1. Summing -39500 (n - 2.57) over the DSSP H runs of n ≥ 4 in the chain and dividing by its residue number, what mean residue ellipticity at 222 nm do you reach, to the nearest 500 deg cm²/dmol?
2. Distance between the C-alpha centers of region 25-67 and region 111-141? Whole Å please.
3. Over region 47-132, what relative contact order in percent results from Cα pairs under 8 Å that are six or more residues apart?
4. Among Tyr65, Val102, Ile83, whose Cα sits farthest toward the positive end of the charge dipole of region 54-147 (+1 at Cβ of Lys/Arg, -1 at Cβ of Asp/Glu, about the Cα centre)?
5. Quote the convex hull volume per residue of region 74-147, based on C-alpha atoms, as a whole number of Å³.
6. Rounded to whole Hz and in sequence order, give me ³J(HN,Hα) for region 122-133 from the Karplus expression 6.51 cos²θ - 1.76 cosθ + 1.60, θ = phi - 60°, writing x for Gly and Pro.
7. Based on the inverse mean of 1/r over its pairs of different Cα atoms, what is the Kirkwood hydrodynamic radius of the chain, in Å?
8. Which of the lysines could a cross-linker span from Lys144 if the Cα-Cα distance has to be under 22 Å and same-chain partners fewer than 8 positions apart are dropped?
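Every number in this text was worked out from the coordinates using simple rules, so none of it is lab data. Note that the structure is a prediction, hence the values are computed from the model and not measured. So basically every Cβ, Gly included, is an ideal-geometry build from the backbone, and we count neighbours across all protein chains shown.
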Amino acid sequence: MDELVQALKRVLANEYAFSLKAQNFHWNVEGPDFPQYHEFFGNVYEEVYGSVDTIAERVRTLGAYAPGSFSRFSQLSDIEDQIEMPTARSMMEKLLADNAIVLTSIVDCYKIANATGHYALANLMADRQDAHDKHGWMLTSILKQRG
Ligand SMILES: [Fe+2]
């Protein structure tokens, strides 16, 4: 159970950090494609932020306290904090790399949940995998060079 709680807390911290970074980019992106990028980052952070409450309440369901502070999230998260403001393209690259990190933690949690009979939690992780697969697809498509 401890292993599952730890894995789920890591997913929560990663999702929160990923959402914050996407929101940071939503606020600060610049360039000729501003309207599309601003909206794209907005959609990403809203989707991911929409998942954190359910994940945190799952931690409570397992009998543990949900982390809910910047210091705890930064201890638990694998996502690097974004201080400098990158170019729009670099924002996409960073978010794509972070998306893969979030996905790794989701898959790890899924495996433990499944192996310990926590199937509802495994389903939630499968749903998060689906959402991040889509974010990854869109980021990859935006980054693709054509012609
Ligand atoms: Fe906004």
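1. Values: 5 runs with 115 residues, N = 147.
The helix-only estimate for the chain comes to -27500 deg cm²/dmol at 222 nm.
2. Answer, in whole Å: 16.
3. That works out to 22 percent.
4. Among Tyr65, Val102, Ile83, the one farthest towards the positive end of the dipole of region 54-147 is Val102.
5. In region 74-147, the Cα hull volume divided by residue count equals 88 Å³.
6. Karplus values, whole Hz, x for Gly and Pro: 4, 4, 4, 5, 4, 5, 5, 4, 4, 4, 6, 4.
7. Kirkwood hydrodynamic radius for the chain: 15.7 Å.
8. Filter leaves Lys21, Lys94, Lys134.
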